[in-house]
1. I need the full set of residues from the range 78-119 which are over 30 Å from residue 51 (Cα atoms), charged (D, E, K, R) and not in a loop (DSSP other than H, G, I, E, B), in order please.
2. I need every pair where a residue in the range 1-29 that is in a loop (DSSP other than H, G, I, E, B) has its Cβ under 9 Å from the Cβ of a residue that is of a type in the set (S, T, N, Q) and at pLDDT below 90, sequence separation at least 6 or different chains.
3. Across the range 65-86, what is the total count of residues that are open to solvent by 20 Å² or more (accessible area, probe 1.4 Å) and in contact with a strand residue (DSSP E or B) (Cβ under 6 Å, 6 or more places away or on another chain)?
4. Identify, from the list 110, 98, the residue that is in contact with a helix residue (DSSP H, G or I) (Cβ under 9 Å, 6 or more places away or on another chain) and either among the hydrophobic types (A, V, I, L, M, F, W, C) or modelled with pLDDT under 95 (or both).
5. Between 173, 208, which is under 16 Å from the mean Cα position of the chain (by Cα), over 17 Å from residue 12 (Cα atoms) and not β-branched (Val, Ile, Thr)?
6. Could you please let me know if residue 50 is on the phi < 0 side of the Ramachandran plot, open to solvent by 40 Å² or more (accessible area, probe 1.4 Å), of a type in the set (Val, Ile, Thr) and not in a loop (DSSP other than H, G, I, E, B)?
7. I'd like to verify a number: residues in the range 139-154 that are in contact (Cβ under 8 Å) with a residue 24 or more places away in the chain and not small (Gly, Ala, Ser), how many?
8. Determine which member of the set 15, 55, 89 is of a type in the set (D, E, K, R), modelled with pLDDT of 95 or more and either surrounded by 22 or more Cβ atoms within 10 Å (Cβ to Cβ) or touching a helix residue (DSSP H, G or I) at 6+ places or on another chain (Cβ under 9 Å) (or both).
Amino acid sequence: MQKRHKMTKLFQLSRELPPHLAEHKVIFITGIDTGIGKTYATAAIANALTRAGYRPITQKMIQTGCDTVSEDIAMHRELMGLPLMDIDRDGTTAPVILSYPASPHLAAKLDHTVISLEKITEATRKLTAGYDNVLLEGAGGLMVPIRENSATTDPPYPLGGYLTIDYIRERNYPVVLVTSGKLGSLNHTLLSIEACRSRNIPIILLVYNMYPDSDPIITQNTLEYLCTLDIPVAVMDNPGHNDKTF
């Protein structure tokens with residue numbers, strides 16, 4: 001007789017805070033791809049923490065395709081029902097802003113600049129001094145390059161450069177991984193989980209973005225499959241609404 005997999009409990013971000021999130025001072029929010037819903041998930045988690053009595057702040061690691069205030073930070077504030085703050089305007093919550101909408105390594109090259117990892121880390125440190133939790137949203141997925149190998153990179157990074165996942169691992173940040181039920185997402189999700197596990201990076205939550213529900217059969221099956229992985233899963237079913245009901 002085939003043994004049944006134990007199903008992980010599902011959480012609704014609009015109603016409850018998944019366990020153990022609040023105990024982490026910095027949480028890195030990443031996704032299986034660009035446009036998967038990281039910005040909405042970051043705001044939803046911030047609102048869940050706020051409802052539970054905590055004082056969170058959101059931060060964008062690297063913003064591309066922007067010239068002034070980070071558009072993702074602006075969206076966080078809108079979804080959190082807050083105005084832009086001084087820490088948003090002075091760059092603390094978005095320490096690296098690049099003008100071209102591309103992977104950070106390419107956007108930096110086109111802007112003739114080098115991304116300062118120290119600047120990002122210092123901004124996060126400042127935020128941890130004033131808030132209970134810092135929700136640090138990445139750019140794109142885990143394997144997005146931040147810097148390419150150069151003639152002076154010694155030793156060179158094995159995958160052509162310094163990746164977002166390298167930054168996460170070096171700082172021992174726990175990860176929230178945002179995914180969805182779109183066709184192909186299960187493969188990307190499992191690859192992301194494997195990449196984290198091989199580097200001893202803990203995934204403390206999977207956020208399952210239900211929008212858009214293009215194929216209900218695939219959406220439901222993918223969700224059921226992810227609930228067998230022994231990682232807490234939270235459903236995000238109405239991204240884009242102000243999170244008084246999010």
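The values are calculated or read from the model by the stated rules, or taken from the named source; none is laboratory data. Since we're looking at a predicted model, the values are computed, not measured. Here the Cβ is made from the backbone with ideal geometry for all residues, glycine too, and neighbour counts use every protein chain on show. Ligands, DNA and RNA are stripped out before the accessible areas are found, and what is left, the full protein with its side chains, is counted by its heavy atoms. Shrake-Rupley method; radii C 1.70, N 1.55, O 1.52, S 1.80 Å.
1. 109, 118, 119
2. Partner pairs satisfying both residue conditions: 14/238; 14/245.
3. The total comes to 1.
4. Criteria check complete, one pass: 98.
5. Testing whether each residue is under 16 Å from the mean Cα position of the chain (by Cα), over 17 Å from residue 12 (Cα atoms) and not β-branched (Val, Ile, Thr) leaves just 173.
6. Values: on the phi < 0 side of the Ramachandran plot: yes; open to solvent by 40 Å² or more (accessible area, probe 1.4 Å): yes; of a type in the set (Val, Ile, Thr): yes; not in a loop (DSSP other than H, G, I, E, B): yes.
Yes; evaluated as a whole, the condition is true for this residue.
7. First, the residues of the range 139-154 that are in contact (Cβ under 8 Å) with a residue 24 or more places away in the chain: 139-148.
Next cut, not small (Gly, Ala, Ser) only: 142-148.
The number of residues fulfilling the criteria is 7.
8. After applying the criteria, what remains is 55.
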